[in-house]
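The values are calculated or read from the model by the stated rules, or taken from the named source; none is laboratory data. Because the structure is predicted, anything quoted here is derived from the model rather than measured. Here the Cβ is made from the backbone with ideal geometry for all residues, glycine too, and neighbour counts use every protein chain on show.
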Amino acid sequence: MSKRGAAPTLRRVEVVVNVASGSVAPDAPAEVEKIFADFGINAHVCAPSTEDLTNCLRAAVDAGPELLVVLAGDGTVRAAAELCGPKGPMIAPLPGGTMNMLPHAIYGLRSWQDALTVALAEGEARMLGGGEVEGRQFLVAAILGSPALWGPAREAARYGKARLALMRAQRALRRAFTGRLRYSLDDGPRDKAVGLSFLCPLISRALDEEAPALEAAILDLQGLRDVVSLGFHALKGDWREAPAVHARPCRVARIWASEHIPAILDGEAVRLSSSATIGFRPDIVRVLSLPKALRES
């Protein structure tokens, strides 16, 4: 669920550029400054090293801007959203990563330069909902259980590290039938699954973007054929498309396991406790968004 309104006048703007991210060129900070200058706005740009990224984000939020622009991947945007919260600065998540699922959902399939230019000219303030688990928010998706182990394998394959990708894929396969999760969706009956994922409504293809719920996908492997299918789809980037996956809307989910639960939140690998509750939150962060007609143009 989201609330929209006219974008406020921008007097103070902070920009964080992750030049080590998937699709950010070294001259990106200068390009950002020029785009803002064309709109008569003097933006403060920070292009930190990877080790100093979190400190740069925190300093940018502490500066109290009307707008925080983040040119980075989905994981960095998630960190910025957690720092801002629903009452902090509005953020503009530009596509600077590899997947860029959230920026593309907010700005359409545009380059970051075009997305920023159109957002400054036509953007509107919007409260964005998403998911929350153990005090961590996510705006794209959460993956829990053994499918989360495919994330490192896919990253290694993407960077051409074939041997490392194979080792990680073999590890994920070994755990495909072990460590099943117990879960309950919306206080329904308990059941078992190898893994679960939760997509936010803006990203889901099954939910309306205003839906006050997450799309829960349940993975139940029955044999080797399902394992092979899971591996194929996971390495392509979306294990939810595997035939053994079943999806439905969900507001609150409770998950139990015999040990810590491996998870991926917006592309970042984390480890949850052996029991976790995932729920939909309607007020994660305010974003500078485009109207739907412009996003689809």
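Some notes on this structure:
- Any chance Ala81 is crowded, with 22+ Cβ neighbours inside 10 Å and closer than 15 Å to Glu14 by Cβ: yes
- Looking only at residues of segment 251-269 that are crowded, with 17+ Cβ neighbours inside 10 Å and either at pLDDT below 95 or not assigned by TED's automatic domain parsing to the domain that holds Pro201 (or both), we find that the one that is nearest to Ile203 (Cα to Cα) is Asp266.
- Of the residues making up segment 80-91, those that are touching a residue at least 40 places away in the same chain (Cβ under 8 Å) and more than 25 Å from Thr117 (Cβ to Cβ) are Glu82, Gly85, Pro86.
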